[in-house]
1. Could you give me D for the stretch 30-100, from Stokes-Einstein at 10 °C and 1.306 mPa s, where the hydrodynamic radius is the Kirkwood radius over C-alpha pairs? Units µm² s⁻¹, please.
2. For the pair residue 68/residue 48, report the inter-label distance in nm, with labels modelled 7 Å from Cα in the Cβ direction.
3. Given R₀ = 30 Å, what would the calculated FRET efficiency be for residue 19 paired with residue 75, taking r from the Cβ atoms and rounding to 0.05?
4. Among 73-81, 26-34, 58-66, 93-101, what's the highest-first ranking by average C-beta atoms within 10 angstrom per residue?
5. Below 8 Å, C-alpha to C-alpha, sequence gap of six or more: please give me the relative contact order for the stretch 30-100 in percent.
6. Within the stretch 86-101, which residues have the backbone N less than 17 Å from the label spot 7 Å out from residue 27 along Cα→beta-carbon, could you tell me?
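None of the figures in this text is laboratory data; all of them are computed from the coordinates on show. Quick caveat, the model's predicted, so the values are computed rather than measured. Glycine gets a Cβ as well: all are built from the backbone with ideal geometry, and neighbour counts include every protein chain shown.
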């Protein structure tokens, strides 16, 4: 299929200041993509409109939580304290969910949380 034939939809956080969007996402929403259901989780800190998404046994953390680190908080309205809260009070409290950061480090594909 030609890329121009795809019906692209732009889904962003309600906190985003972007104005060209198809849908705004809220914390706690369910998002269906090609038959897969994802739980939308607001995980601010890297930016003020960062979100993660969870499926059974896995959470996709975007740039909030990386392998051996976290996303920067010194631009795009980031806040290190808010990011800490998102990681320790949201992401790491999800039952039986292995974090999957957006950018793997060479040789590492997932985070092991003790």
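1. It comes out at roughly 131 µm²/s.
2. 3.3
3. The computed FRET efficiency comes out at 0.90.
4. Descending packing order for the listed peptides: 58-66, 93-101, 73-81, 26-34.
5. This gives 32 percent for the stretch 30-100.
6. 86-95
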